[in-house]
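Down below is the structure, laid out as structure tokens.
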Amino acid sequence: NRAIKVLNIKQKIPVHYAYMQLAGGSTWWTLSNKCIRYIVDFVEKNPKFVKFYEHTLIPEETFVHTIIANSPFAKQVVNTVTYADWAVKDAAHPEIITKEHVPSFKNSTFPSVYGNKTAEVLFVRKFTDDSKPVLDVIEKLYRR
């Protein structure tokens, strides 16, 4: 990252894909079978698009997102199904989940980035090896 900034390396999306809206987001996805098939088909038919992303900074946070944002699936996208506490500004990672977080993700929904949908919390992150006490609380509350 530092070398890219120091050398002022800029890369433009290939002209053939200039019509596409670039998108980015989390690397934690929940995708339907139809959406996955669409992505695989797009990748197989667009080797220049794939090649562009081979030399792109953080492709895992933009590649799939850009394909979906320019697909028939764009209006079905919801922001996230993963609760993470990013309260600390400019943090490199979310806060570690504690017992105090548990009420925040119970019955929580988040507004969608696209369309008019909301997402329910299905996953929670970030835990450590010392998170057993909070995991026990979550297990007790949510295990069916």
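Only the coordinates and a few stated rules stand behind these numbers; no lab work does. Only a predicted model underlies this, so the values are computations on that prediction, with no experimental measurement involved. Using ideal geometry, Cβ is built from the backbone for each residue, glycine included, and neighbour counts are taken over all protein chains shown.
Ordering Phe63, Trp86, Asn46 by the projection of their Cα atoms onto the charge dipole of the stretch 38-88, which places +1 on the Cβ of Lys and Arg and -1 on the Cβ of Asp and Glu, puts Asn46 at the extreme positive end. When every Cα-Cα distance of the stretch 53-97 is counted in 10 angstrom steps from zero, the calculated P(r) takes the values 22, 34, 37, 7 percent. Kirkwood's formula applied to the C-alpha pairs of the stretch 27-78 gives a hydrodynamic radius of 11.5 angstrom.
I need the Kirkwood Rh of the stretch 1-94: take the reciprocal of the average 1/r across all distinct C-alpha pairs and report it in angstrom.
Values: mean 1/r = 0.0662 Å⁻¹.
After inverting the pairwise mean of 1/r, the radius is 15.1 Å.
The charge dipole of the stretch 1-96, taken about the Cα centre with unit charges on the Cβ atoms of Lys, Arg (+1) and Asp, Glu (-1), comes to about 440 debye, rounded to the nearest 20.
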